[in-house]
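Input: a single structure, listed below in structure tokens.
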Amino acid sequence: MLAFLCCVVFLVYAFHRLTIAKTKSSTCLVGKTAIVTGANSGIGYQTVLNLASRGCRVIMADVCDLTQSRNNVIKYTNNTNIVAKKLDLASLQSIRDFASEVAKTESRLDILVNNAGISASKSNRTEDGLNPVMQINYFGHFLLTHLLIDLLKKSSSRIVFTSSFMSFFHNLTLKNLNYDATPDDSITALRIYCNSKLAQMIASDIFASKLRGTGVTSNSVNPGIVRTTLLGQFFSVQTKLKPLRLFTDLYLRFMAKDPWEGSQVIVHCAVSKRLEGVSGKYFWDCMSAFKPSLAKDEEFCRKFWEKSEKFVKLAPEERL
Ligand SMILES: NC(=O)c1ccc[n+]([C@@H]2O[C@H](COP(=O)([O-])OP(=O)(O)OC[C@H]3O[C@@H](n4cnc5c(N)ncnc54)[C@H](OP(=O)(O)O)[C@@H]3O)[C@@H](O)[C@H]2O)c1
């Protein structure tokens with residue numbers, strides 16, 4: 001029995017390690033500008049390091065103080081063209097302030113990585129009356145992308161949404177898009193995270209179709225299971241699940257990707273020459289993958305988009 005279990009664990013481990021894709025692209029990004037949200041840690045930070053090492057001007061956007069991580073990026077890449085800007089996706093006003101500052105200081109935007117995310121929140125509503133997980137992961141990026149569209153259209157830009165394989169476990173409907181119910185149980189909390197990841201994927205697809213012909217592409221990605229603080233944050237909110245922590249910590253320690261490996265699919269979508277003009281796809285380990293069936297329901301997606309426009313209070317002239 002023990003031998004059988006060891007075999008299974010080894011096979012899962014081997015499959016996992018062998019399917020980790022690394023981008024083969026050596027694209028130089030000198031003269032290009034990128035924004036990465038959630039740039040302070042984890043997958044976002046590794047994405048910044050990769051783009052910066054290609055000579056890109058990178059605007060690191062995050063809710064916390066970025067001084068230390070910006071200094072580290074400059075130290076490790078020798079690229080001093082790195083800007084740190086405060087962006088709190090839990091506040092629609094902060095997103096608007098960030099976007100208008102970027103519009104003033106930047107003449108181009110080649111890459112937008114909508115990456116910031118949380119797995120759970122203790123509070124049920126942000127100051128904008130939105131569910132915090134939905135707002136930080138999805139609504140905030142939906143608004144941010146709209147506000148940066150004019151800049152993105154100036155070059156053949158790429159938008160990348162960091163979605164997740166967890167999107168397959170959603171229970172998203174038009175009614176629970178802003179999840180009215182208090183997330184009083186762990187399953188509901190997990191569902192909200194899954195919904196936010198599916199919402200990102202659907203938004204990416206619709207941006208792709210609305211931006212067809214402009215040169216701007218949009219794709220979503222699954223970075224895989226990555227050793228970051230995201231899962232720990234879920235347990236710190238959902239304390240009832242703490243007994244599971246040892247198991248997940250072991251999994252993260254021995255099986256999960258490290259943040260650099262997790263960032264590869266994002267970088268691939270952001271820079272690979274092979275993906276020129278490719279839009280509306282979902283990538284998993286640098287390969288195009290299938291999506292949850294709801295993402296293909298055109299009627300649902302149309303209404304979902306219209307509701308999102310209302311939730312983030314988009315002015316008519318800001319709509320696509
Ligand atoms: N880790 C995984 O296994 C996994 C799997 C699939 C998808 N993803 C996705 O990958 C993305 C990055 O997650 P990660 O694993 O790298 O986790 P992480 O290390 O916790 O990074 C998340 C980043 O988002 C920032 N952030 C949190 N709230 C914010 C807000 N209100 N406004 C702006 N930025 C905010 C965090 O800032 P602080 O540093 O201040 O916390 C942090 O830098 C997320 O969208 C996540 O859903 C992760």
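The values are calculated or read from the model by the stated rules, or taken from the named source; none is laboratory data. No experiment lies behind these values; they were computed from the predicted model shown. Backbone-built Cβ (ideal geometry, glycine too); neighbour counts: all protein chains shown.
Right, SER41: within 14 Å of the ligand (Cβ to nearest atom), within 23 Å of LYS257 (Cβ to Cβ), of a type in the set (Ser, Thr, Tyr) and surrounded by fewer than 18 Cβ atoms within 10 Å (Cβ to Cβ) or not? Can you show your working first?
Working: within 14 Å of the ligand (Cβ to nearest atom): yes; within 23 Å of LYS257 (Cβ to Cβ): yes; of a type in the set (Ser, Thr, Tyr): yes; surrounded by fewer than 18 Cβ atoms within 10 Å (Cβ to Cβ): yes.
Yes: the conditions hold for SER41.
Please go through the stretch 178-205 and pick out each residue that is touching a Phe, Trp or Tyr at 6+ places or on another chain (Cβ under 7 Å) and aliphatic (A, V, I, L, M).
ILE192, ALA199, MET201, ILE202, ALA203 - these are the residues of the stretch 178-205 that are touching a Phe, Trp or Tyr at 6+ places or on another chain (Cβ under 7 Å) and aliphatic (A, V, I, L, M).
In contact with a Pro (Cβ under 7 Å, 6 or more places away or on another chain) and either touching a residue at least 40 places away in the same chain (Cβ under 8 Å) or more than 9 Å from the ligand (Cβ to nearest atom) (or both), is that true of THR105? Steps first, please.
On the way: in contact with a Pro (Cβ under 7 Å, 6 or more places away or on another chain): no; either touching a residue at least 40 places away in the same chain (Cβ under 8 Å) or more than 9 Å from the ligand (Cβ to nearest atom) (or both): yes.
Taking the combined requirement at face value, the residue does not satisfy it.
Residues GLY129, GLY140: which one is buried (at least 21 other Cβ atoms within 10 Å of the Cβ), within 16 Å of the ligand (Cβ to nearest atom), modelled with pLDDT of 95 or more and of a type in the set (Gly, Ala, Ser)? Spell out how you get there, then give the answer.
Values: GLY129 fails: buried (at least 21 other Cβ atoms within 10 Å of the Cβ).
Answer to the selection: GLY140.
Kindly provide the set of residues from the stretch 54-70 that are over 23 Å from GLN93 (Cβ atoms) and either near the ligand (Cβ under 9 Å from one of its atoms) or touching a Pro at 6+ places or on another chain (Cβ under 9 Å) (or both), ordered by number.
SER69 - this is the single residue of the stretch 54-70 that is over 23 Å from GLN93 (Cβ atoms) and either near the ligand (Cβ under 9 Å from one of its atoms) or touching a Pro at 6+ places or on another chain (Cβ under 9 Å) (or both).
Restricting to the stretch 143-177, count the residues that are surrounded by fewer than 22 Cβ atoms within 10 Å (Cβ to Cβ) and within 13 Å of the ligand (Cβ to nearest atom).
Here the count works out to 4.
Residues in the stretch 198-225 that are within 16 Å of the ligand (Cβ to nearest atom) and in contact with a helix residue (DSSP H, G or I) (Cβ under 8 Å, 6 or more places away or on another chain): how many?
If we filter the stretch 198-225 for residues that are within 16 Å of the ligand (Cβ to nearest atom), which is where we start, we get 198-204, 218-225.
Still in the running and in contact with a helix residue (DSSP H, G or I) (Cβ under 8 Å, 6 or more places away or on another chain): 198-203, 218-225.
Within the stretch 198-225, residues that are within 16 Å of the ligand (Cβ to nearest atom) and in contact with a helix residue (DSSP H, G or I) (Cβ under 8 Å, 6 or more places away or on another chain) number 14.
Starting from the stretch 80-96, take each residue that is more than 17 Å from MET134 (Cβ to Cβ) and list its partners that are in a loop (DSSP other than H, G, I, E, B) and modelled with pLDDT of 95 or more, counting only C-beta distances under 6 angstrom and pairs at least six apart or across chains.
Once the first residue is more than 17 Å from MET134 (Cβ to Cβ) and sits in the stretch 80-96, its partners that are in a loop (DSSP other than H, G, I, E, B) and modelled with pLDDT of 95 or more give ALA84/LEU66.
How do the pairs read when you match residues in the stretch 234-262 that are free of Cβ contacts under 8 Å to residues at least 40 places away in the same chain and within 11 Å of the ligand (Cβ to nearest atom) with residues anywhere that are of a type in the set (D, E, K, R) and part of a loop (DSSP other than H, G, I, E, B), using Cβ under 9 Å and keeping only pairs 6 or more apart or on different chains?
LEU252/ARG227; ALA256/ARG227; ASP258/ARG227
So which residues in the stretch 108-122 are modelled with pLDDT under 95 and more than 12 Å from the ligand (Cβ to nearest atom), if there are any at all?
Of everything in the stretch 108-122, just one residue is modelled with pLDDT under 95 and more than 12 Å from the ligand (Cβ to nearest atom), namely LYS122.
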